1. Determine, yes or no, whether LEU157 is of a type in the set (A, V, I, L, M, F, W, C), surrounded by fewer than 20 Cβ atoms within 10 Å (Cβ to Cβ) and either under 10 Å from the mean Cα position of the chain (by Cα) or assigned to a strand (DSSP E or B) (or both).
2. What tally of residues in region 182-202 results from selecting those that are more than 15 Å from ILE119 (Cα to Cα), in contact (Cβ under 8 Å) with a residue 40 or more places away in the chain and either assigned to a helix (DSSP H, G or I) or out of contact with any Cys (no Cβ under 7 Å at 6 or more places or on another chain) (or both)?
3. Would you be able to tell me the number of residues in region 94-142 that are under 15 Å from the mean Cα position of the chain (by Cα), more than 14 Å from TRP156 (Cβ to Cβ) and of a type in the set (A, V, I, L, M, F, W, C)?
4. Can you find, within region 61-90, the residue that is farthest from GLU167 (Cα to Cα) among those that are part of a loop (DSSP other than H, G, I, E, B) and either without any contact (Cβ under 8 Å) to a residue 12 or more places away in the chain or in contact with a helix residue (DSSP H, G or I) (Cβ under 6 Å, 6 or more places away or on another chain) (or both)?
5. When region 81-130 is examined, which residues are found to be surrounded by fewer than 18 Cβ atoms within 10 Å (Cβ to Cβ), more than 14 Å from ARG173 (Cα to Cα) and among the hydrophobic types (A, V, I, L, M, F, W, C)?
6. From the list LEU201, LEU138, pick out the single residue that is of a type in the set (A, V, I, L, M, F, W, C) and surrounded by 15 or more Cβ atoms within 10 Å (Cβ to Cβ).
7. Look through region 161-176, keep the residues that are within 18 Å of LEU94 (Cα to Cα) and either β-branched (Val, Ile, Thr) or surrounded by fewer than 18 Cβ atoms within 10 Å (Cβ to Cβ) (or both), and return whichever of them is nearest to the chain's Cα centre (by Cα).
8. Given the conditions (1) out of contact with any strand residue (DSSP E or B) (no Cβ under 7 Å at 6 or more places or on another chain); (2) not in a helix (DSSP H, G or I), report the number of the one that THR143 does not fulfil.
Amino acid sequence: MKSRFLIPVAFAGLLTACTSTTPTYYTLQASNAAPAAAAPSTQMWKGFQLRRMDVPAQLDRRSFVLTQTAGGQVNLLNDSQWASPLPDEMSLALASGLQDRLGVPQLASAAAKTPLWQIDVLVQRFESVYGERATLELSWTLTPLGFEGKTQQCRWLDTEPASSVPELVQAHRQLQQRWADALAAQMQGKPVPVNLNKAMLCVS
C-alpha cells in the first residue's frame, strides 16, 4: 500500500521546491550531434523549410508542464523551464536534427525556387507524466516544392519511460531524435527503420 503514495508525495515536494529555487533551463536539442553527412550530388532537392510548428496553447510557453494521470490536472513548473518557448525548442531540435542527418540546410523561404521539402507540423500531445513517461504525438505534411515527389501526410505516436524532470527532458530528447530519424529517412526515400515503424502511419 505504501508504494501507491510515493509518487504523489514526491510530486508535491517537487511543486513546493519549485517556488523557491533558481530556474533550471533545459533544451530539446541533442548535446552531442554527429557531423552532418554529405548530401548525394544526384539528389533533386537541396534543402528543407520547416514552415509551421503548431502546439496546443497550454504548451506554448517556457515553463515545464507536468501532467497528473488522475483527474487530468496539469502543473506549471516555473523553476524548470525550456531555454525558449516549446514551439521554438521543437523547431530548433528538428531543424538541427534534419541538417545533421541529411547534410542540407534549412532554407528561410522558397522564394529563390530552390527545390526543397516543405514541412508543416501539428503537435497533439507533448506530455510529461511525472514518475511515468514522456509522450510525443503529432502529425505532419511533407510537400515537395520545385521537384517531382509525392505529398505525404503522417502521424507519429511514441512514448519513453521516465520519472524525474531531468529524466523526462532526456526522454523528450530521445523522442525528438527518433522522430527526426524517421522523417529524414522519409525525405530521402529510404525505408523507415523497423524499430520506428510502429510509431508512424502515413498516407500519400
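1. yes
2. 1
3. Number satisfying all stated conditions: 2.
4. Looking at the filtered set, the residue picked out is GLY71.
5. Once the filter is applied, which keeps residues that are surrounded by fewer than 18 Cβ atoms within 10 Å (Cβ to Cβ), more than 14 Å from ARG173 (Cα to Cα) and among the hydrophobic types (A, V, I, L, M, F, W, C), region 81-130 yields ALA108, ALA110, ALA111, ALA112, LEU122.
6. From the options LEU201, LEU138, the qualifying one is LEU138.
7. For region 161-176, the residue satisfying everything is GLN174.
8. (1)
The numbers here are math on the coordinates, done by the rules we state, and not lab data. Just so it is clear, the model here is predicted, and its values are computed rather than measured. With ideal geometry, Cβ positions are generated from the backbone for all residues, glycine too; neighbour counts draw on all protein chains shown.
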